[in-house]
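Report on the following structure.
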Amino acid sequence: VDVATNSAPSLVHQLVQAVQRREAQLTKEQLGEARRICSEVGASAAGAQRLDHEDEQQQEEEQEEEQEHEHEQEEEQEEERVDDVVTDQKYSREDETVKRWALSELANAQTSSLFTAAKDLKLYNGTLQSSDPPVNFPEWLLLSPNHYRPSWTRKAIRRLKNVVCVVEVAPPEGEATPRRTAPSAAILRTALSLVGLDLNDELSGETLREVLRCLHAKLPSGRSEGVEIDVPEDGVSLQELADAASSVELHPIEPARSFVVVSLAEAEHIRAYIHRSVACGEQRCCISLRAVGLHDGAVDVGPGFTPCPAGFQAVAAEQACRFLDCHTGSFRASQLAHLKRLFEGVDPEALAAWWERARDCRRRSPLPRQRLPIGPFFLTDQQLCVHHAETSIVHVRRVCLQRRVAAAVMFQSWAQGAEVISTASLASHLTELGLAPTQARALARAGDPSVTGTVTCVAFAELIGATPAPQPTSWGRSSGTAEFSGADTGRGRARTASGATQVASMADLEIRGDGPWEVKLSSGGSTHLSWTSKHYACELVSVWRVTGSVKGASVQVPLGFQANRGMRSPTPVLLSVRPARRLKLPTLTPDPAPTQRWVDRALPFPVAFRLLWSVIAAEPNQSSMYMWRPVPPSDSFVAIGAVATTSPQEPQAADVGVRCVPRAWLRQGDAELVELWADAGREVLCHPGFPSVVAIAGPRERPRQWALITDQERFRVGLPQGAADENGEELSDQL
């Protein structure tokens, strides 16, 4: 078959010629068998060529889609990227000759006059023989003479060298006595503040592990570095954690252990010495060469070197080096906690002033420190609580802006028209907006200062602050008063803002034999790959975005994203609307504008999208997927399908194009939903009544199975010709 696929025409031709040459020597049965073989080989070759051609086309389309997606991501990253800059100052380059020194000096680094303590690093402030006050770095963090010299900052401004490599010097065996710290209330409070918790939160699961990482501790079953604390993983109160931590000693530090920041040239020589000492068995001092930011940290380890107990001092030294380097990249809560432990008792404002002054001497991001990941480090515990609350409030405001709805209206939709809601219920709804559970609970409690267990609409609106008034959307209708209950049908009656364009009246949506509009399911439009389970350890499934089309006076709209097994594009399922055939249009060329206006009223866009679940990529070649439930404008409409995106940002209705269908056109389906993919309570299901249209399911709900109310291929809807709609205009005039 492979030979036939690769050179099918010539092979078939050769077989036919061979049969013809030996026709006289073959019996009747042999001749018939030979002709049958020639026929099968020819058919197989043609089919193989056709399949190869289809596969090539599909691969080309997939490659184009991937290239477009990568190009869009590159454009987004380019827009968000802020180039690192350096303040334009008259930097001095004097006295930069390399200073030679003996490696034996590392054995007594803290007492040697060759090295400068990081706490003595000073920055020139423009006055001769004067400089800004230094920062109280740990005594065991030192600078080599080729990385920094005190004379450099006494006469002129110098460009500070990047902190790339550090030499860790282990103390002699007799001096390796760690100094430990008992967990205090301040240390626990700082850990909670960095994670975004308060004293009332219960710790469990990932939240508990994150707090323990801030304390440089771990559960007995944990594999990371840290001191073991025996607490139940399923849930523990702050008091129980404090009692369990009181029996252990955290943050072990060996005062005799040194960490020396060296230049790249010095690091090369030190690495060569380590390699030679390992080969020859020579041991002058017990050292390890580390790289700041490296996952394991150690680049090379010399003979006789012993790591620091529990690994805390090495982790803390790395964060101190990142602070010294004015690092503007990512900082986890545990890394900020280690920094706060090192600079305990130092004024945060003084640290911020020194850091910004040092940043001016480096090529770093010019963004304000408040917008950088290191920003929370310069805040007190009380300011951190305010910071987390403000971050949550800004997120809720952004959601209100995207949905064009006021915070009070959103609150009332959650409370089903009531003016009061419990803090637990409010936190649950805030989680649906994208807040972390801890952030949602903290924000809900912020709206209940009297600790009554409930939050009023007025208190929530005052907490969130002013939000934009409802604005007309791109489809010409205000969505500022829609329901946000999150179901696939809009529960409760949607409140309509004054001046907003109304959806079609119920009379204009009824199925009538003499209706002016003809509705049917069609297969036009096009599909675009949105997500695939490729590179996941599961069955291959692809999810596709469907776009509608306009053909003459007919308008076709999608009902939701579609899914299929494998990578083949599904047949688009669209709802087609066109004028009934008996109506005569006055123009020779069909005009789709009247149909489009009626579709905008009868098949409205969703007013919002609620995130049900997501699949987060764990490998570089995987892509994340976020499944969204469209929210219809009222209980008169139903959102049949779902929307899948690769971004956590809520999609825009005009971008995805999905429409809601009048409930009057639908009935409850009898057939079971078709399951395409399932994992940990998350499912991708399809409607039998609308083939391959995705109906997603989450851990807490099961989607309904919808079908058109009539079994006919097409049906008519709307007020008959000559009847007036809700605006008093005759339908014939509209057409």
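The values are calculated or read from the model by the stated rules, or taken from the named source; none is laboratory data. Here the structure is a predicted model, which is why all the values come from computation and not from measurement. Here the Cβ is made from the backbone with ideal geometry for all residues, glycine too, and neighbour counts use every protein chain on show. Note: accessible area is taken over every heavy atom of the protein model, side chains too, but ligands, DNA and RNA are not part of it. Shrake-Rupley method; radii C 1.70, N 1.55, O 1.52, S 1.80 Å.
For region 524-570, what is the relative contact order in percent, using Cα pairs closer than 8 Å and at least 6 residues apart in sequence?
With pairs under 8 Å counted, the relative contact order is 38 percent.
In whole Hz, with x marking every Gly and Pro, tabulate ³J(HN,Hα) for region 439-445 from phi via Karplus 6.51 cos²θ - 1.76 cosθ + 1.60, θ = phi - 60°.
5, 5, 5, 5, 5, 5, 5
Can you work out the Karplus-derived ³J(HN,Hα) for every residue in region 98-115? Use 6.51 cos²θ - 1.76 cosθ + 1.60 with θ = phi - 60°, whole Hz, and x for glycine or proline.
Karplus-based 3J(HN,Hα) across region 98-115 equals 5, 9, 7, 8, 7, 5, 5, 5, 5, 4, 10, 4, 6, 9, 6, 7, 6, 9 Hz.
Tell me, what is the per residue accessible area of region 291-429 in Å², probe radius 1.4 Å?
41
Report in % the part of the accessible area of region 376-438 that belongs to carbon and sulfur, leaving out ligands and nucleic acids; probe 1.4 Å.
That share works out to 58 percent.
Which far-off residues, 5 or more places away or on another chain, put their amide H under 5 Å from the one on ALA217, with H placed in the peptide plane?
Residues meeting the criterion, in which the H sits 1.01 Å from N, are VAL227.
Please compare each pair in LYS122/LYS161; LYS99/LYS119; LYS119/LYS218 to a cut-off of 24 Å on the Cα-Cα distance and tell me which ones are over it.
Those over the limit are LYS119/LYS218.
Principal axes first, then extents: for the Cα atoms of region 535-579, list largest minus smallest coordinate on each axis, whole Å, largest first.
48, 15, 11
Given a 1.4 angstrom probe, I'd like the percentage of the accessible area of region 196-348 that is carbon and sulfur, rounded to a whole number.
49
Region 194-344: percent of C-alpha pairs farther apart than 20 Å?
In whole percent, the long-distance tail amounts to 57.
Taking amide H atoms as placed 1.01 Å from N in the peptide plane, list the residues 5 or more away in sequence, or in a different chain, whose amide H sits under 5 Å from that of LEU611.
Counting only residues 5 or more places away or on other chains, the set is ARG629.
Show the residues, 5+ positions off or on another chain, whose built amide H is closer than 5 Å to the amide H of LEU121.
Distant-sequence amide H within range of LEU121: VAL135.
Got a sec? Charge dipole of region 355-443, +1 on Cβ for Lys and Arg, -1 for Asp and Glu; which of LEU401, GLY417, TRP355 is way out at the positive end?
Final value for the positive-end residue is TRP355.
Mind ordering 511-524, 18-31 by average Cβ neighbours within 10 Å, highest first?
Going from most to least packed, we get 511-524, 18-31.
For region 396-440, what's the radius of gyration and Dmax over Cα atoms, in angstrom?
10.3, 26
Any idea how far the Cα center of region 332-352 sits from the one of region 207-274, in Å?
What the calculation gives is 16 Å, centre to centre.
Over region 202-247, with a single point scatterer placed on each C-alpha, what log10 of the ratio I(q)/I(0) does the Debye formula yield at q = 0.26 1/Å?
Debye output, listed in q order: -0.93.
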